[in-house]
Amino acid sequence: MRGCLLLACGSVLVQMGGTAARAADTTLDLPLLAFASAVAPATDPYLLAFAPANLAAVGDPNRLASGAGDVSTADASSQASSSGDDQSKSRLSESPKPPVTQARDKSRLSESPKLGPGNIISGFKSPTGAVWQPAFWGFGDFIATAGYANNGVNPGQSYISSRADLFGNLQLTPTERVVVGFTPLSLGSARGTGFLHTDGDGTQFYNGLDANVRTLFFEGDTRQLFPGIDPDDRLGRDYGFAVGRQPIFFQEGIMIDDNIQALGITKDTIQIPGITQDMRITGVYGWADIRRGNNLVDPTAYLLGIFTETDLRKSVVTFDFSYIGSDNPPDISGVRQGGSGVYFGASATQRFGDINTAFRVNTSTALDGTGTAVDNGALLLGEFSRTVTGSTDLVYANVFETIGHYTSAARSTDAGGPLERVGIMFTPPAAGLVGSPISGYADHVYGGALGYQMFFGPRKQLTLELAGENDTNGSKQGVVGIEGQYLQAITSRTSIQFNAFLLDGESGHVGSGVSVESRTRW
């Protein structure tokens with residue numbers, strides 16, 4: 001759901017996300033378009049399948065209902081007059097017909113006149129001079145999943161669980177809104193609520209019930225909120241901002257992928273003659289709800305960051321810096337897991353002929369104590385993909401290497417490890433109570449994934465992936481595996497996904513797993 005969340009959270013948060021594909025001839029989102037529906041809007045069969053249901057709420061329903069062959073009353077009268085007394089069956093009636101109405105799909109949209117047919121409400125002028133036209137609607141999804149997983153080392157685990165993501169959007173203007181979100185079935189390390197059975201250890205109920213607000217932020221644009229500061233739009237005083245508990249996502253989730261109480265300010269469309277026509281700079285200050293590299297909350301941590309993205313003629317490049325300040329508090333067992341840290345990230349996204357490529361470098365440096373929360377390391381990642389000639393199928397190859405133990409600056413419990421972007425074998429189930437088939441943590445390992453994604457029309461797809469990793473510290477944790485993932489849209493809002501994998505460990509251990517997941521969006 002985090003992909004869906006990022007799409008829903010507006011312009012500022014999308015700018016605060018990873019590489020934006022703004023120029024079709026220079027930028028694509030590269031190999032892992034398949035692995036998150038929010039990342040691949042052009043090819044995701046879910047989104048393609050869901051689109052028709054949403055179109056009924058846009059535009060003139062009478063026009064949509066009547067079709068191209070409909071003729072207005074005025075046109076009918078005019079044509080009837082010119083036909084004289086011709087009473088043929090092809091003659092148009094002179095009697096006006098009532099407008100044809102079409103029922104709107106109300107499962108996702110509210111009764112807001114802003115989203116319905118007809119004129120938009122005039123709204124009212126706020127004390128700042130901005131004209132607000134309030135409209136509220138809700139959206140979200142529900143996931144139910146069941147499966148079995150055994151990595152060949154630890155005891156096998158069977159699970160059945162569910163997850164819900166609920167959001168409300170109060171739109172004030174095209175650029176100002178308030179977003180509130182809940183995850184009532186997810187709490188702490190539990191991505192869902194359900195039962196987990198571990199071989200030899202019995203069955204445990206994971207209670208993820210949570211009534212707390214997970215997301216609550218306001219976003220806007222300074223010039224739209226205070227139109228008087230630049231009435232002629234000549235002074236460049238438009239700054240995007242978002243404040244509150246919000247999703248923060250940088251370096252494609254490698255550096256930061258978390259819900260943080262933060263203030264973000266973005267200046268976009270910065271022009272540097274001879275270099276770029278579009279550069280973005282974002283500053284972020286986060287003061288609470290920061291989960292460290294071990295996915296655990298550090299109550300003393302705060303975040304400072306500067307993040308840039310520049311569109312060059314043939315490439316999009318990013319340079320990001322963040323600092324996490326921390327008192328290195330002990331965990332529940334009294335062990336200190338690491339204090340303050342500095343993080344750098346850089347990437348370049350481009351095409352070489354028909355090949356989509358992205359190269360990423362991320363580093364983490366502990367300043368006063370190392371542990372699972374912060375450690376010294378670097379992660380190098382290369383992504384390559386190509387659309388198969390004569391089809392929409394995609395072949396991809398991603399390779400990585402870690403130097404030392406790389407840790408993210410901030411990482412949600414929902415996010416898995418920094419290697420999640422490498423492939424589906426490094427990605428945990430969205431609502432499952434188990435981890436990914438291959439560990440997504442970047443601790444003295446190298447490896448990659450080779451995959452082929454096949455599309456069978458707009459409603460189903462199959463991905464086959466061969467992946468593996470090996471250690472560089474002599475721990476003999478090497479593993480290779482294969483996984484298949486089949487996705488099928490059942491209705492315009494419901495989809496089902498099947499996964500199955502096999503693992504072969506360096507020590508001779510064999511693992512396997514299967515899972516089924518249903519997802520309903522509204």
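Of the residues screened, R360 is one that is over 15 Å from Y441 (Cβ atoms) and buried (at least 23 other Cβ atoms within 10 Å of the Cβ). Taken together, G325, G244 contain a single residue that is within 26 Å of G377 (Cβ to Cβ), at pLDDT 95 or above and not aromatic (F, W, Y), which is G325. Here Q277 meets the list (1) modelled with pLDDT of 90 or more; (2) in a strand (DSSP E or B); (3) out of contact with any Gly (no Cβ under 6 Å at 6 or more places or on another chain); (4) more than 30 Å from V422 (Cβ to Cβ) almost entirely, failing just condition (1). Inside region 416-440, residues that are surrounded by fewer than 24 Cβ atoms within 10 Å (Cβ to Cβ) and over 16 Å from Y148 (Cα atoms) make up a count of 4. Scanning region 363-407 for residues that are acidic (D, E), under 23 Å from G447 (Cβ atoms) and within 24 Å of the chain's Cα centre (by Cα) turns up just one, E383. Against the list (1) touching a residue at least 12 places away in the same chain (Cβ under 8 Å); (2) part of a strand (DSSP E or B), the condition E252 fails is (2). Considering region 184-206, and only residues there that are surrounded by 19 or more Cβ atoms within 10 Å (Cβ to Cβ) and within 11 Å of D414 (Cα to Cα), the residue that is nearest to the chain's Cα centre (by Cα) turns out to be R191.
Checked against the criterion of being charged (D, E, K, R), farther than 26 Å from F498 by Cα and surrounded by fewer than 21 Cβ atoms within 10 Å (Cβ to Cβ), the candidates D221, D230 yield just one match: D230.
For region 208-237, what are the residues that are charged (D, E, K, R), free of Cβ contacts under 8 Å to residues at least 12 places away in the same chain and at negative phi? If the condition is that a residue be charged (D, E, K, R), free of Cβ contacts under 8 Å to residues at least 12 places away in the same chain and at negative phi, then D230, D232, R234 are the ones that fit. Say we look at region 106-165 and pick out the residues that are modelled with pLDDT under 85 and basic (K, R); which of these is nearest to S189 (Cα to Cα)? Among residues in region 106-165 that are modelled with pLDDT under 85 and basic (K, R), the one nearest to S189 (Cα to Cα) is R108. For the structure I just gave you, tell me whether L296 is modelled with pLDDT under 95 and of a type outside the set (D, E). When the stated conditions are applied, L296 passes them. Within region 148-159, being in contact with a strand residue (DSSP E or B) (Cβ under 8 Å, 6 or more places away or on another chain) and surrounded by fewer than 17 Cβ atoms within 10 Å (Cβ to Cβ) holds for Y148, V153, P155. Residues of region 165-193 that are in a loop (DSSP other than H, G, I, E, B) and more than 16 Å from A144 (Cα to Cα): L172, T173, P174, T175, E176, G188, S189.
If the condition is being more than 20 Å from the chain's Cα centre (by Cα) and touching a residue at least 60 places away in the same chain (Cβ under 8 Å), then region 508-522 contributes H509, V510, G511, S512, G513, V514, S515, V516.
Can you pull out the residues in region 323-349 that are over 21 Å from the mean Cα position of the chain (by Cα) and assigned to a strand (DSSP E or B)?
The answer is Y323, I324, G325, P330, R336, G341, V342, Y343, F344.
The values are calculated or read from the model by the stated rules, or taken from the named source; none is laboratory data. Remember, predicted model here, so these are calculated numbers, not experimental data. Note: ideal-geometry Cβ built from the backbone for every residue, glycine included; neighbour counts use all protein chains shown.
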